Structure formats: structure tokens, C-alpha cells
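The values are calculated or read from the model by the stated rules, or taken from the named source; none is laboratory data. What you see is a predicted model, and the numbers here were worked out from it, not measured in a lab. Ideal geometry is used to build each Cβ from the backbone, glycine not excepted, and the neighbour counts take in all protein chains shown. Remember, those area values only see protein heavy atoms, side chains included, never the ligands or the DNA or RNA. Shrake-Rupley method; radii C 1.70, N 1.55, O 1.52, S 1.80 Å.
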Amino acid sequence: MTEPLRVERIQRALKTNRLGNKIHYFHEIDSTNAYARERAQAGGSEGEVVIAESQTQGRGRLGRSWVSPPYRNLCLSVILRPKLAPQDAPQITLMSAVALAETVQTFIPLAPEIKWPNDILVSGKKVAGILSESCCESERLLFVILGIGVNLNTPPEMMPDGIRDRAASVMSWTREPVDRTEFTRRLIENLERCYGDLETKGFPFIAGRWQSFFALRGKRVTVEMLGRTTLGKAAGIDVDGALILEEDSGAVTRIIAGEVVPIEG
Ligand code: BT5
């Protein structure tokens, strides 16, 4: 077992106003997103952070699961109460992908890439994923639970079959195991900065930085959405954060949700 996270050290060093004032820390929980949602529904404040060393029901998107051996990685959720329209909630995922990519970049000599909308890759391997879940009431966005899972110190042999070939830990590109406490502090600070930029400077400001990490720009991809597969070229993101797909038919489509897979070769 590696060392538990040092939550007091994170809190002492954090230079933030909103995020991380309160950190709920668990050795084991079902899902940090589920707990953060309960807190938010019970009136929890913006910026409350939930961290768990292990999750019995770690969640990915679309009912998939997130697997993370205890005391090696980072599983974190944040309660956000953005002043955004419900249809703009995906901007939170894109904003946090920038913060996450920037954090990973400070630990390794390679540039991380963002795979639209929610994966952070290094050398083509997934090192982190984002699951943001919104709660709306009529036309109002009440809160967003931003969930982030990062592989920091899991050696390949500890990754389950089926994931091992496509995933990697930040540790693969560092000489020593990653200081998880320091990683968490930097991530929370970068999230606060990017979230503030989204609020004050607007999405186009974030989008520019996002594009600089965009792995699939100009690449041929398939997009799977609602049981339909479309072939085309990933051109970038538009002002709302939708993926712009130049279909082989010549049509240009905006993809709001879906699975994007690069076509090799
Ligand atoms: C994601 O979903 O990538 C979002 C993952 C979010 C996890 C965090 S942890 C804290 C918070 N609390 C939660 O309960 N969840 C969030 P998606 O794009 O659907 O990818 C899920 C797929 O990635 C799975 O079906 C696996 O194939 C693969 N996968 C699972 N664990 C992985 C890991 N540790 N590293 C890389 N890939 C993984």
C-alpha cells in the first residue's frame, strides 16, 4: 500500500477562495460523485470536494465503471453551482479537461492530449477521465457534480485486463511515484482558475486553450451516437463546446454527446 493522501497538507497549502474549503475524505465509498450529489441536494456549498481512496461503485459515463486500486490514484468530485444555462453545462467538462491536462503537464515531460469530450491521454493512453453530472430544475441549472479520476501510481500489472492496453498512469513518465497530495492541490487550484476564467472571460477563452490540447483535430474518426455511427473528420469545437464533424458526405455536424474513436492509419 502506498501512503494515504494528506488532506490537512492539501488544505494548508491550497491557494483558493472557493474550491476545497471543505474536503470530505474517505478511505472507501461507493462513488464520490454519488456522495457529492447527496451533499449538494442537502444544500452543500459550491467548492466542497469529496475524495476517496477507493470506490466500490466508481462510475464512468453511460453506466460504465471506473476502476482504481486503493491509495494509488485520485478519485475526486467537486460541487459546482455555475451560473450557466442547462444547455451550457458541458462547458464544465471542457473547462475541467483543460485544468486536468494542465495539471498533468506539470508532472511529465510530454504534452497530454484531450480526447473529446472527457478523456486525458498521454501517448495515446488514457490517464484520466471526467464525469460531470448536472441537476436541473425547470430551466435552471441547480448544480453540477464534477467527478475526476486520474491514474497516478497504478503499475500496468495492477490494471484489469481490457483496460491495461488502453490506460496508463502519470507515474509511467516520471522517475518516482507521483506525490498524490501535491497533484491534488495543483488540480484543485487549476480547476478554480479555469472555472473563474469560464465565468469571467467566457467559454471562447477556455476553448482556445482546450484546442491546444485537442488530440483529434484533423483526424478521421467515427462517432457513435444513439446507435448510429458516422464517419468524418474532427475539425474542432464550436462556441458551445460541441464537436464539429465534417462528415464524408460533406455535411458539417455538431456532436453534443457521443463516443469518438480515431480511425488508425
Ligand atoms: C470516464 O468515463 O472516463 C469518467 C471517469 C470518472 C471517474 C471519476 S472517479 C471520481 C468520480 N466518482 C465516480 O464515481 N466517478 C468519477 P468513460 O469515458 O465512460 O470511461 C469509462 C471506461 O474507461 C470504462 O468502460 C473502462 O473501459 C475504462 N476505464 C475504467 N477505469 C479506467 C482507468 N482507471 N483508467 C483508464 N480507463 C479506465
Taking Lys233 as the anchor, which aspartates and glutamates have their alpha carbon closer than 15 Å to its alpha carbon, excluding any fewer than eight residues away along the same chain?
Glu224, Glu246, Glu247, Asp248, Glu259, Glu264
Relative contact order of the chain, pairs being alpha-carbon contacts under 8 Å that are 6 or more residues apart, as %:
17
DSSP-assigned coil residues among GluC sites (Glu not before Pro) in the stretch 165-265, each with at most 10 further Cβ atoms within 10 Å:
Glu264
Which GluC sites (Glu not before Pro) in the stretch 1-82 sit in a loop by DSSP (not H, G, I, E or B) and have at most 11 other Cβ atoms within 10 Å of their own Cβ?
Glu28
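Could you compute the net charge surrounding Pro204? Neighbours are other residues with a C-beta less than 15 Å from the C-beta of Pro204; K and R count +1, D and E count -1.
Net charge in that neighbourhood comes out at -3.
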Portion, in percent, of the accessible area of the stretch 7-213 that falls on carbon or sulfur, probe 1.4 Å
49
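Rounded to a whole number of µm²/s, how large is the Stokes-Einstein D of the stretch 2-147 at 25 °C and 0.890 mPa s, given Rh as the Kirkwood radius over C-alpha pairs?
Translational diffusion coefficient: 154 µm²/s.
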The chain - mean residue ellipticity at 222 nm from DSSP helices (-39,500 (n - 2.57) per run, n ≥ 4, rounded to 500)
-8000 deg cm²/dmol
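Provide the per residue accessible area, probe 1.4 Å, for the chain, rounded to a whole number of square angstrom.
Working: 12360 Å² over 265 residues.
Result: 47 Å² of accessible area for each residue.
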At q = 0.16 Å⁻¹, what log₁₀ I(q)/I(0) does the chain have when each alpha carbon counts as one equal point scatterer in the Debye sum?
-1.28
Output the antiparallel fraction of DSSP beta bridges having both residues in the chain, as a percent to the nearest 5.
85
Using the structure shown, select from Lys125/Lys201; Lys22/Lys125; Lys22/Lys83; Lys15/Lys201; Lys126/Lys201 the pairs with a Cα to Cα distance greater than 28 angstrom.
Lys125/Lys201; Lys22/Lys125; Lys126/Lys201
So, with a 1.4 angstrom probe, what is the percent of accessible area on the stretch 220-262 that is carbon and sulfur?
59
Provide the net charge surrounding Pro177, with neighbours chosen by a C-beta distance below 13 Å and charges set as Lys +1, Arg +1, Asp -1, Glu -1.
-1
Rounded to the nearest Å, what's the spacing between the alpha carbon centres of the stretch 67-129 and the stretch 158-200? Just the number, please.
8
